[in-house]
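Colleague: Just passing along the structure, written as C-alpha cells.
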Amino acid sequence: MNNSSEDLRRQILEGVARYYDAAHSDREFVRGKTRVQYAGRVYDEQEMVGMVDAVLDFWLTAGPRTQVFERVLAEFIGTREVIPVNSGSSANLVAVTTLCSKQLRGRRLEPGDEVIVPATSFPTTVAPIVQNRLLPVLVDCCVGDYNIDPEAIEAAISPRTRALMFAHTLGNPADMSKIMPLVKKHNLLLIEDTADALGSKFDGQMLGTFGQIATLSFYPAHHITMGEGGAVYTTSRRLAKIARTVRDWGRDCWCGYDNPTDGKCGIRFDREIDGVEGHYDHRYYYTEIGYNLKITDPQAAMGVAQLAKLPGFVAARKRNFKFLYEALGRYSEFLVMPEWHPLADPSWFAFPLSVRPGAPFARRDITRFLEYRGVETRLLFAGNILRQPGYKDIECRVVGDLAKSDLVMAHTFFVGVYPGLDQPRLDYMVEMFGEFFASL
C-alpha cells in the first residue's frame, strides 16, 4: 500500500468517526416521543470505523478479524474453541448436528434418541432437535426464573434419553446445582443455549461451560451484536472440528484461515474416496451433511469492538435490573417479580414479570398501556411452544401437564434492561407503571 492510499484510508476512517458524531451520537430522550426500547444496539464510532476498515481491505468472508473475534470471545468465556456462525439459530442447528456426527461413534445422538427440552423454549432451540430426527421431550418450567424445572427433568428421563438442551432464560442461570448431578448420573449430553446469557455465571462458573457444547446469538437485541451472527463454543477440539465442518458445507478440511499449498494436514492431494480411482483433493472431501453458515469479516470487526465494551454492558444490565427490581417491587401484589438462585450471577437480558392470576387486569391491559405510552414490552418468546401452530403437531413426548408453561404463555411479559437505557428512560418506564396502577 503506497503513501497515497494510506493517507486516503486514514482520511476515510477519520471521516467515518466524524460522521458517527454528526449522525449517530445524539440519543436525547423526549418524553412521550422517544420509545423506551426493550433492547437495541449500543455502539460508537469504533464499530463503524472497524467495519469500514474491513471493507477497505475487501476481505468479505471470514478472515483476520474473525480470528481475533474468536480469540477474544474465547478468553472472555474461558473456553477453548469458538466457531462463529451467521445467527444464534444456526448455532443451535450446528451444535445439535455436531453431536449427531458419526465421527463420535458410541457417544453420538442417533435418530429417535430423546432430548429433554423445556416447553417454554425459543422456537429455534427446539427446531434442531426435530430437524435432526431426534425426539424432543417437553417438560415444564418454573415461574419466577422461567427456567427448566430440575424436578421435571428427572421425571422425564427414560432409557432413550441421551441429551438435555435448554436456554438460561433472559440471562438468568438455571439451577445447575440440581441439573449437573442429573446430567452426570444419567450420562447425558448437555447443550446450553446462552443466547440471552453472555457473561452470566452460576457459582462462579461461566454459563455455557457446564456441558459439552453451547451457543450464542449476536442479534441486535442481545448482549453484543454483529447485526446478525452467533457462535458455537466448546472446550473439545474434536467437537469444534466437527462443528466447523458442519458450518462449512460439511467439508472435512481444517485449514481454517490458512491456505498452505499442501493443506495443514500435509496430504491435501493424497486423500482417497472409496470407489473413486486415484486421489482426491482434501479441500473437497466431505464427511458431514453441512451448510454454509459463516460470518463475514466486517461483521467480525463490529464484534471485536463490541467485545471491548462487553464488561461495561454486563455491569449496566445488572445496574438497570437492580433499579427496576427496587422500583417495581411495590406492585408484587399483582405482579410476580423475577427470582434467581442464590448462586446465580445473572447478566440480565430483560426484566420478566407475570400478571398474577386473579389480578384485576390482564396482561394485555398493562402491556397495551405501556406500549401506547412508548414503553416497549415483549412476551416470553413462544410461551408453551406446543401451543404454536408450527409445533403443535411435532412428534414429541410430553411430561406433565405443562401448566406453568401455559401460565407463562398467558400472563408473562418483559421490559428492557439493556445498556442503552439511561436514567431518564428508566424513570419514565417506572412512572408509566405507576400511572397504570393508579388507573385501576
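The values are calculated or read from the model by the stated rules, or taken from the named source; none is laboratory data. Not measured: the values here are computed from a predicted model. Backbone-built Cβ (ideal geometry, glycine too); neighbour counts: all protein chains shown.
Colleague: Among Leu440, Leu402, Leu421, which is the only one that is surrounded by fewer than 20 Cβ atoms within 10 Å (Cβ to Cβ) and of a type outside the set (Phe, Trp, Tyr)?
Modeller: Leu440
Colleague: Same structure again: Scan segment 401-440 for residues that are under 30 Å from Val137 (Cβ atoms) and of a type in the set (S, T, N, Q) and jot them down.
Modeller: Quick first cut of segment 401-440, residues under 30 Å from Val137 (Cβ atoms) only: 401-414.
Matches in segment 401-440: Ser405, Thr412.
Colleague: Another question, if that's okay. Would you be able to say whether some residue in segment 307-322 is farther than 21 Å from Ala197 by Cβ and within 27 Å of the chain's Cα centre (by Cα)?
Modeller: Of segment 307-322, the ones farther than 21 Å from Ala197 by Cβ are none.
No, every residue in segment 307-322 fails to be farther than 21 Å from Ala197 by Cβ and within 27 Å of the chain's Cα centre (by Cα).
Colleague: A follow-up question, please. For segment 336-354, give me each residue that is closer than 21 Å to Val36 by Cα and either buried (at least 22 other Cβ atoms within 10 Å of the Cβ) or not aliphatic (A, V, I, L, M) (or both). I'd like the intermediate steps shown before the answer.
Modeller: So the first thing to find is which residues in segment 336-354 are closer than 21 Å to Val36 by Cα, and the list is 337-338, 347-354.
Scanning segment 336-354 gives Pro338, Ser347, Trp348, Phe349, Ala350, Phe351, Pro352, Leu353, Ser354.
Colleague: Here's another thing I want to ask about it. Residues that are within 16 Å of the chain's Cα centre (by Cα), in the same structural domain as Ile213 (by TED's automatic domain parsing) and farther than 20 Å from Gly250 by Cβ: does segment 56-68 have at least one?
Modeller: Looking only at segment 56-68, we keep the residues that are within 16 Å of the chain's Cα centre (by Cα), and these are none.
No: segment 56-68 contains no residue that is within 16 Å of the chain's Cα centre (by Cα), in the same structural domain as Ile213 (by TED's automatic domain parsing) and farther than 20 Å from Gly250 by Cβ.
Colleague: On the basis of being more than 31 Å from the chain's Cα centre (by Cα) and either on the phi < 0 side of the Ramachandran plot or modelled with pLDDT of 95 or more (or both), does Ile273 make the cut?
Modeller: Working: more than 31 Å from the chain's Cα centre (by Cα): yes; either on the phi < 0 side of the Ramachandran plot or modelled with pLDDT of 95 or more (or both): yes.
In short, yes.
Colleague: Oh, and also: For segment 281-311: of the residues being hydroxyl-bearing (Ser, Thr, Tyr) and at pLDDT 95 or above, which is surrounded by the fewest Cβ atoms within 10 Å (Cβ to Cβ)?
Modeller: If we filter segment 281-311 for residues that are hydroxyl-bearing (Ser, Thr, Tyr), which is where we start, we get 284-287, 291, 296.
Retained after the next criterion (residues that are at pLDDT 95 or above): 291, 296.
Details: Tyr291: 17, Thr296: 24.
Once the filter is applied, the top-ranked residue is Tyr291.
Colleague: Can you tell me which residue in segment 321-335 is surrounded by the fewest Cβ atoms within 10 Å (Cβ to Cβ), limited to those that are in contact with a strand residue (DSSP E or B) (Cβ under 8 Å, 6 or more places away or on another chain) and assigned to a helix (DSSP H, G or I)?
Modeller: By that ranking, first place goes to Tyr325.
Colleague: Moving to a separate point now. Take segment 368-397 and flag every residue that is of a type in the set (Val, Ile, Thr) and in a helix (DSSP H, G or I).
Modeller: Scanning segment 368-397 gives a single hit, Ile385.
Colleague: Can you pull out the residues in segment 372-399 that are exposed (fewer than 14 other Cβ atoms within 10 Å of the Cβ) and of a type in the set (Asp, Glu)?
Modeller: Selection gives Asp393, Glu395.
Colleague: Let me ask another. If I go through segment 60-69 residue by residue, how many of them are crowded, with 21+ Cβ neighbours inside 10 Å and not in a loop (DSSP other than H, G, I, E, B)? Before you say what the answer is, go through the steps one by one.
Modeller: From segment 60-69, those crowded, with 21+ Cβ neighbours inside 10 Å are 62, 65-66, 69; that's our starting set.
After this cut, where a residue has to be not in a loop (DSSP other than H, G, I, E, B) as well, the list is 65-66, 69.
Counting residues in segment 60-69 that are crowded, with 21+ Cβ neighbours inside 10 Å and not in a loop (DSSP other than H, G, I, E, B) gives 3.
Colleague: When you check Val42 against the structure, is it outside the structural domain of Phe166 (by TED's automatic domain parsing) and surrounded by 18 or more Cβ atoms within 10 Å (Cβ to Cβ), yes or no? Working first, answer last.
Modeller: On the way: outside the structural domain of Phe166 (by TED's automatic domain parsing): yes; surrounded by 18 or more Cβ atoms within 10 Å (Cβ to Cβ): yes.
Judged against the criteria, Val42 is a match.
Colleague: Can you say whether Asp365 is among the acidic types (Asp, Glu), out of contact with any His (no Cβ under 7 Å at 6 or more places or on another chain), farther than 20 Å from Tyr428 by Cα and at pLDDT 95 or above, as far as the supplied structure shows? I'd like the intermediate steps shown before the answer.
Modeller: Numbers: among the acidic types (Asp, Glu): yes; out of contact with any His (no Cβ under 7 Å at 6 or more places or on another chain): yes; farther than 20 Å from Tyr428 by Cα: no; at pLDDT 95 or above: yes.
Considered against the rule, which asks whether it is among the acidic types (Asp, Glu), out of contact with any His (no Cβ under 7 Å at 6 or more places or on another chain), farther than 20 Å from Tyr428 by Cα and at pLDDT 95 or above, Asp365 comes out as no.
Colleague: Give me the residue from segment 1-35 that is basic (Lys, Arg) and surrounded by 12 or more Cβ atoms within 10 Å (Cβ to Cβ) and, out of that set, nearest to Leu56 (Cα to Cα). Can you show your working first?
Modeller: If we filter segment 1-35 for residues that are basic (Lys, Arg), which is where we start, we get 9-10, 18, 27, 31, 33, 35.
From what's left, surrounded by 12 or more Cβ atoms within 10 Å (Cβ to Cβ): 9, 31, 35.
Values: Arg9: 8, Arg31: 41, Arg35: 35 Å.
Among them, the one singled out is Arg9.
Colleague: Same structure again: May I ask you to say which residue of Asp262, Asp365, Asp274 is surrounded by fewer than 18 Cβ atoms within 10 Å (Cβ to Cβ), assigned to a loop (DSSP other than H, G, I, E, B), among the charged types (D, E, K, R) and in contact with a helix residue (DSSP H, G or I) (Cβ under 9 Å, 6 or more places away or on another chain)?
Modeller: Working: Asp365 fails: assigned to a loop (DSSP other than H, G, I, E, B); Asp274 fails: in contact with a helix residue (DSSP H, G or I) (Cβ under 9 Å, 6 or more places away or on another chain).
On inspection, the qualifying residue turns out to be Asp262.
Colleague: Pairs only if they're at least six apart or on different chains, beta carbon under 7 angstrom, first in segment 99-112 and assigned by TED's automatic domain parsing to the domain that holds Glu288, second part of a helix (DSSP H, G or I) and modelled with pLDDT of 95 or more; list them, first residue then second.
Modeller: Listed pairs, sorted by first residue: Ser101/Ile242; Gln103/Ile242; Arg108/Leu99; Arg108/Lys102; Leu109/Leu99.
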